[in-house]
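Only one structure is covered here, and it is reproduced in the block below.
The values are calculated or read from the model by the stated rules, or taken from the named source; none is laboratory data. Predicted model, so just to flag it, every value in this text is computed and none were measured. Cβ placement follows ideal geometry from the backbone for every residue including glycine, while neighbour counts extend to all protein chains displayed.
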Amino acid sequence: MKSDIARVAFSLFFAVTALEAEAEDTQPTESERASQSRNLSQEYAAKLKSALMGAIQAGGPETAIAVCKVEAPAIAKETAASSGWSLGRTALKLRNPANSPDAWERSVLLKFQEQISEGADVKMLEHYETTTKNGERVFRYMKAIPTQGPCLTCHGSNLNRTVKAKIDELYPEDRATGFSLDFLRYLQHANAERPIPLPKRWLHCRRNAKWSALFRRSDGLLVCAGPRLVVYRKPL
């Protein structure tokens with residue numbers, strides 16, 4: 001009898017895991033999510049740069065400072081509106097305190113700084129991973145943005161007096177000056193807004209079920225056969 005139950009359990013196990021593997025294939029891979037977030041980041045950067053250059057041409061750098069404060073968040077929201085992602089910027093030396101990095105973003109910033117000190121090209125630096133945020137599994141992407149020539153007008157060491165006055169007016173806690181060309185200015189980040197579902201094989205076995213057979217594999221996988229077949233593996 002026990003051997004019959006075992007054979008049923010394992011046959012069900014292989015059937016279910018095959019179906020689950022097929023279902024999991026429909027989920028984007030990390031590489032595919034990275035490509036999507038990279039494209040969104042590039043689109044955001046291009047739109048923001050266009051808005052700032054237009055403001056400079058229309059009213060000078062003082063106008064661009066005001067545009068950056070108001071329009072940058074709106075451009076990020078618009079760019080990500082239909083994608084299910086959130087976009088934003090962060091840095092260690094902030095102009096807007098609302099863009100303060102969380103612990104994960106700060107760790108990436110420090111990692112990038114270390115890589116730059118070892119000779120890495122700022123323009124090539126990016127980082128992405130599936131991690132946990134607010135108790136949910138999410139995909140997160142970070143892209144390093146170097147200081148470019150036009151950035152120095154508002155972020156360099158020798159600021160025009162009227163530019164400095166405008167920064168002090170809009171950003172009294174500003175720390176984002178003193179940058180030089182190609183220095184790490186800030187990071188653009190893209191986060192998946194919808195939590196990434198756990199694979200079905202990680203579903204928890206119900207404690208109140210009456211199992212006819214229970215098998216534990218060496219990798220921690222539980223195979224349960226009874227009124228309901230559930231496969232369990234502790235989430236990472």
For region 104-121, indicate whether the set of residues that are exposed (fewer than 15 other Cβ atoms within 10 Å of the Cβ), farther than 17 Å from CYS154 by Cβ and β-branched (Val, Ile, Thr) is non-empty. no
Is one or more of the residues making up region 143-154 on the phi < 0 side of the Ramachandran plot and touching a His at 6+ places or on another chain (Cβ under 7 Å)? yes
Restricting attention to region 142-161, report how many residues are free of Cβ contacts under 8 Å to residues at least 12 places away in the same chain and in a helix (DSSP H, G or I). 1
For region 43-75, what are the residues that are within 23 Å of the chain's Cα centre (by Cα), surrounded by 13 or more Cβ atoms within 10 Å (Cβ to Cβ) and not charged (D, E, K, R)? TYR44, ALA45, LEU48, CYS68, ALA72, PRO73, ILE75
Sort out which residues of region 69-96 are touching a residue at least 60 places away in the same chain (Cβ under 8 Å) and not aliphatic (A, V, I, L, M), and write them in order of number. LYS69, GLY84, TRP85, SER86, GLY88, ARG89, THR90, LYS93, ARG95, ASN96
Kindly provide the set of residues from region 162-176 that are of a type outside the set (Lys, Arg) and either surrounded by fewer than 16 Cβ atoms within 10 Å (Cβ to Cβ) or not in a loop (DSSP other than H, G, I, E, B) (or both), ordered by number. THR162, VAL163, ALA165, ILE167, ASP168, GLU169, LEU170, PRO172, GLU173
Counting only residues in region 139-180 that are in contact with an Asp or Glu (Cβ under 9 Å, 6 or more places away or on another chain) and small (Gly, Ala, Ser), the one modelled with the lowest pLDDT is identified as ALA144
LEU94 in contact with a helix residue (DSSP H, G or I) (Cβ under 6 Å, 6 or more places away or on another chain) and not small (Gly, Ala, Ser): no
Restricted to region 84-98, and to residues that are over 13 Å from the mean Cα position of the chain (by Cα) and either closer than 14 Å to ASN191 by Cα or hydrophobic (A, V, I, L, M, F, W, C) (or both), which residue is surrounded by the most Cβ atoms within 10 Å (Cβ to Cβ)? ALA91
